[in-house]
Amino acid sequence: MNENPTVGKQRSSFAHEEGSVIGMPPTSRHLLALTVVAVASLIAVLVGVAGYIEKWLWMRQLGYAGIFWTLLSVQVVMFCSAFVFAFLYLWINLRQATKNSGDFLGGVRASRPALSSVNVSAHPSIDLSPRLLKAAVFLISAVVAVFSALYFYTEWDTYLRFRYGGSFGVSDPLLGVDVGFYLFHLPFYVLLQGSLTILTILTFGIVFSTYILLGIRLALTSGVGRIAASSSATSHFSVLLFILAANFGWGFYLDHYELVYSTLGVVYGAGYAADHVTRVTLWIMVGVSALACALLAFNFFRPRLKTLAVGVGVYFALWLIGVYLVPFFFQEFFVQPSELALETPYLKHYIEFTRKAYQLDAIQETTYPALPNLTPEVIARNQDTIQNIRLWDSRPLLQTYQQTQAIRLYYQFYNIDTDRYHLADGYHQVMLSTRELSPELPAKAQTWVNEYLQFTHGYGAVMNFVSKTVGGGFPRYLLENVPAESEFGLSITQPSIYYGQSMSGYRIVATDIKEFDYPKGNDNVYTSYSGKGGIPLNSFWKRLLFAWSKADVNILLTSYLKPESRIQIHRDVSERVAQIAPFLRLDHDPYAVL
């Protein structure tokens with residue numbers, strides 16, 4: 001109790017004045033927060049939109065605009081569909097939870113005087129205004145829906161494989177299903193089942209937390225703790241668990257197809273234990289899931305929270321024992337002691353389908369007699385083979401290239417490739433590498449004009465025989481020096497390398513700045529790009545777009561650009577192919593072709 005009301009008033013008045021002078025009025029704070037959110041959202045939108053416009057311009061210039069629109073439309077549809085479904089799923093459940101909590105609280109408060117034997121614990125209810133509660137429900141639903149939609153957005157390839165995938169005409173030996181089902185359809189079904197499972201579990205957790213905060217209370221009766229929940233809340237739990245059990249049942253059904261990827265046995269794929277035990281337990285769990293759905297439907301009309309909790313525990317115990325423990329112990333104590341006898345049929349399947357996958361089953365095997373000795377006549381008859389036995393190792397050869405053929409500090413050889421070429425004297429195996437620009441120019445040359453307008457490309461390639469040397473232990477070159485020289489009839493009509501194996505960032509070509517082409521003694525030779533690669537910078541808006549997307553205002557301010565100037569992006573060949581055909585899996589090592 002305040003003994004001095006005057007002091008209290010003075011303190012209140014001082015606090016009010018202090019807040020007005022030092023702080024900020026609530027309206028201003030709200031306006032500032034909204035401004036910050038709006039600016040951040042605008043920047044995020046601009047970054048995303050600029051990226052899409054840049055990609056569209058690039059793919060249109062290459063003649064692949066159709067692929068851009070196809071992929072974008074699929075991604076947008078998947079994002080929107082997932083967002084709408086996840087949002088409504090959460091929003092409906094949270095709205096029902098808040099409604100049930102309110103009804104339960106009202107009932108507890110009305111009946112509290114009559115519950116003298118029940119000591120409701122001091123777990124205060126959270127009183128929220130209806131407007132704030134609706135906003136919280138909307139915000140939580142929207143945030144979770146955005147993350148769900150983003151996940152689906154990245155899985156566009158899974159849908160397209162499902163939509164357009166076909167069959168192989170080859171059935172697996174375990175279930176007799178066409179292999180195309182496993183590659184094209186099963187991944188999409190797994191995506192749907194797994195996403196719905198995660199969403200339902202997340203929804204259940206949020207709904208349960210909502211009931212804890214707003215409705216469910218821990219009660220003490222004669223010193224024993226129990227959870228008190230309304231029948232409507234228990235029915236709500238039953239509905240969510242019904243969806244979860246049905247979805248788990250679908251998952252167990254899909255799991256028996258995924259046994260072809262099992263790692264339980266000695267090989268990658270279904271073994272004896274997976275075929276004879278795991279398959280059976282998965283079908284049992286499908287039946288258990290169906291029974292659980294029936295019991296949950298009954299519990300919806302006759303809600304019992306304790307029964308619900310016990311049922312969930314029993315279900316997961318059966319899952320753990322049947323799907324994981326029983327197959328594991330069966331493998332350890334029954335299969336492994338007789339592994340060869342039991343696993344042999346599955347080993348044969350493994351070998352057979354591995355050969356089919358790599359088309360090794362089409363190879364014809366021929367037996368050649370072993371010669372007791374190797375004579376000069378035999379070697380003379382097989383010169384094509386002898387002269388193509390590779391002697392050079394790519395690692396020291398790369399150092400040799402860099403030391404003898406880089407010519408200048410701003411050139412770099414990144415790796416050595418092996419290929420075969422028809423020359424005047426026959427078919428030869430060769431090793432080669434392209435002379436690309438170094439990732440960084442020498443320190444004194446690192447100006448914006450040099451890095452982005454003048455030093456735009458590498459030059460030429462180097463090639464040597466795999467088994468021939470010259471004096472000093474150097475390789476015998478088929479192609480060397482700058483400009484390229486060859487004693488074997490090889491020629492390069494376009495030696496400039498604008499796109500290579502390790503070319504990051506962007507370059508602008510066909511400008512008022514002459515591009516460095518190659519060194520010639522103490523002088524340099526310059527050129528100007530005349531090809532069609534790159535996006536034309538023929539408008540102010542394109543220059544503004546790339547100045548924004550590349551975070552480089554010099555693109556907008558420089559006076560060296562012309563209407564025919566072009567900006568080259570995605571200059572790494574692997575990156576280019578991945579942008580155009582993201583559904584392909586590429587070899588990790590691209591190689592140059594003359």
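Could you list all residues from the range 497-537 that are in a strand (DSSP E or B) and surrounded by fewer than 18 Cβ atoms within 10 Å (Cβ to Cβ)? Spell out the reasoning first.
At the first step, the residues of the range 497-537 found to be in a strand (DSSP E or B) are 497, 500, 507-509, 515-520, 523-527, 535-536.
The answer is PRO519, LYS520, ASP523, ASN524, VAL525, TYR526, THR527, PRO536.
Take the conditions under 30 Å from PHE237 (Cβ atoms), touching a helix residue (DSSP H, G or I) at 6+ places or on another chain (Cβ under 9 Å) and not aromatic (Phe, Trp, Tyr) and apply them to GLY271. Does it pass? Show your work before the answer.
Working: under 30 Å from PHE237 (Cβ atoms): no; touching a helix residue (DSSP H, G or I) at 6+ places or on another chain (Cβ under 9 Å): yes; not aromatic (Phe, Trp, Tyr): yes.
So GLY271 does not fit the description; no.
The set of residues in the range 292-310 that are without any contact (Cβ under 8 Å) to a residue 40 or more places away in the chain and small (Gly, Ala, Ser) comprises ALA294, ALA309.
Kindly provide the set of residues from the range 387-405 that are in a helix (DSSP H, G or I) and touching a residue at least 40 places away in the same chain (Cβ under 8 Å), ordered by number. Across the range 387-405, the qualifying residues are LEU397, THR400, TYR401, THR404, GLN405. Among the criteria (1) in a loop (DSSP other than H, G, I, E, B); (2) in contact with a strand residue (DSSP E or B) (Cβ under 6 Å, 6 or more places away or on another chain); (3) not acidic (Asp, Glu), the one THR493 does not fulfil is (2).
Looking only at the range 577-588, count every residue that is in a loop (DSSP other than H, G, I, E, B) and closer than 17 Å to ASP157 by Cβ and tell me the total. Break it down into steps so the answer makes sense when it comes.
From the range 577-588, those in a loop (DSSP other than H, G, I, E, B) are 581-588; that's our starting set.
Pick out the ones that are also closer than 17 Å to ASP157 by Cβ and you get 581-586.
Selection size over the range 577-588: 6.
Residue by residue through the range 441-467, note down the ones that are of a type in the set (Ser, Thr, Tyr) and either surrounded by fewer than 23 Cβ atoms within 10 Å (Cβ to Cβ) or in a helix (DSSP H, G or I) (or both). Listed by number, the residues that qualify are THR447, TYR452, SER467. Return a yes/no flag: does the range 282-290 have any residue that is surrounded by fewer than 19 Cβ atoms within 10 Å (Cβ to Cβ) and among the hydroxyl-bearing types (Ser, Thr, Tyr). For the range 282-290, residues surrounded by fewer than 19 Cβ atoms within 10 Å (Cβ to Cβ) and among the hydroxyl-bearing types (Ser, Thr, Tyr): absent. The set of residues in the range 552-576 being surrounded by 17 or more Cβ atoms within 10 Å (Cβ to Cβ), in a loop (DSSP other than H, G, I, E, B) and among the β-branched types (Val, Ile, Thr) consists of THR558, ILE569. Among the residues of the range 420-436, those that are surrounded by 15 or more Cβ atoms within 10 Å (Cβ to Cβ) and under 23 Å from ASP587 (Cα atoms) comprise TYR421, GLN429, VAL430, MET431, LEU432, SER433, THR434, ARG435, GLU436. Does LEU296 satisfy the condition of being surrounded by 15 or more Cβ atoms within 10 Å (Cβ to Cβ) and within 23 Å of PRO327 (Cα to Cα)? Answer is no for this residue. TRP548 falls short on exactly one of the conditions (1) under 16 Å from GLY500 (Cβ atoms); (2) in contact (Cβ under 8 Å) with a residue 60 or more places away in the chain, and that condition is (1). Filtering the range 178-198 for residues that are assigned to a helix (DSSP H, G or I), more than 22 Å from the chain's Cα centre (by Cα), surrounded by 16 or more Cβ atoms within 10 Å (Cβ to Cβ) and among the hydroxyl-bearing types (Ser, Thr, Tyr) leaves an empty set. For ILE389, the conditions (1) β-branched (Val, Ile, Thr); (2) under 30 Å from TYR518 (Cβ atoms); (3) in contact with a strand residue (DSSP E or B) (Cβ under 6 Å, 6 or more places away or on another chain) are fulfilled apart from (2). In the set (1) under 12 Å from GLU258 (Cβ atoms); (2) in contact with a strand residue (DSSP E or B) (Cβ under 8 Å, 6 or more places away or on another chain); (3) among the β-branched types (Val, Ile, Thr), VAL179 fails one condition alone, (1). For first residues located in the range 501-521 and in contact (Cβ under 8 Å) with a residue 60 or more places away in the chain and under 13 Å from PRO439 (Cα atoms), partners that are part of a loop (DSSP other than H, G, I, E, B) and of a type in the set (Val, Ile, Thr) and lie 6+ apart or on another chain with Cβ distances below 9 Å form the pairs GLY505/ILE569; TYR506/ILE569; ARG507/THR456; ARG507/ILE569. Of all the criteria given as (1) out of contact with any Asp or Glu (no Cβ under 9 Å at 6 or more places or on another chain); (2) assigned to a strand (DSSP E or B), the one not satisfied by VAL430 is (1).
Every number here is computed from the coordinates shown, using simple stated rules; none is lab data. If you're wondering where the values come from, they're calculated on a predicted model, not measured in any experiment. FYI the Cβ positions are ideal-geometry reconstructions off the backbone, even for glycines, and counts take in every protein chain you see.
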